[in-house]
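This report refers to the structure that appears directly beneath it.
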């Protein structure tokens, strides 16, 4: 798999995990404003995932759904453990910020690692990382 497809697959996996994890988090949230923020981000993840999948399949590559599902399952299990202790907006925001920080770091690392990928795909990864940072900033008010 070439660098462009590897980076697209990383974008796809990050978006898939984010979407699945936020679906579980939304079910645990009670604050209407927080639920709205989470739902908007989940919709963004869905759109990013669709675009990455479309670009991969156009290149004859099918996303690694199994790895995304395994990562999502681990993220959901971790989330449930954290929320069993405290399911208030602050606990949810803290957990989401930690997840988004890991995603942002991974996206930037991969954009640099796959430096011979299509420049548009590198920009997609960097823009995705910026979006993660913006969401972190939105979640800070719930801490």
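What follows is calculated from the coordinates using simple rules that are stated; it is not laboratory data. These figures come from a predicted structure and were not determined experimentally. As a convention, Cβ positions derive from the backbone with ideal geometry for all residues, glycine included, and neighbour counts pool all protein chains shown.
Ordering 5-13, 116-124 by mean Cβ neighbour count within 10 Å, with the highest value first, yields 5-13, 116-124. Between residue 115 and residue 31, the simple spin-label model (points 7 angstrom out along Cα→Cβ) gives 4.1 nm.
With Cα atoms defining each centre, the range 97-133 and the range 12-43 are spaced 19 Å apart in the structure.
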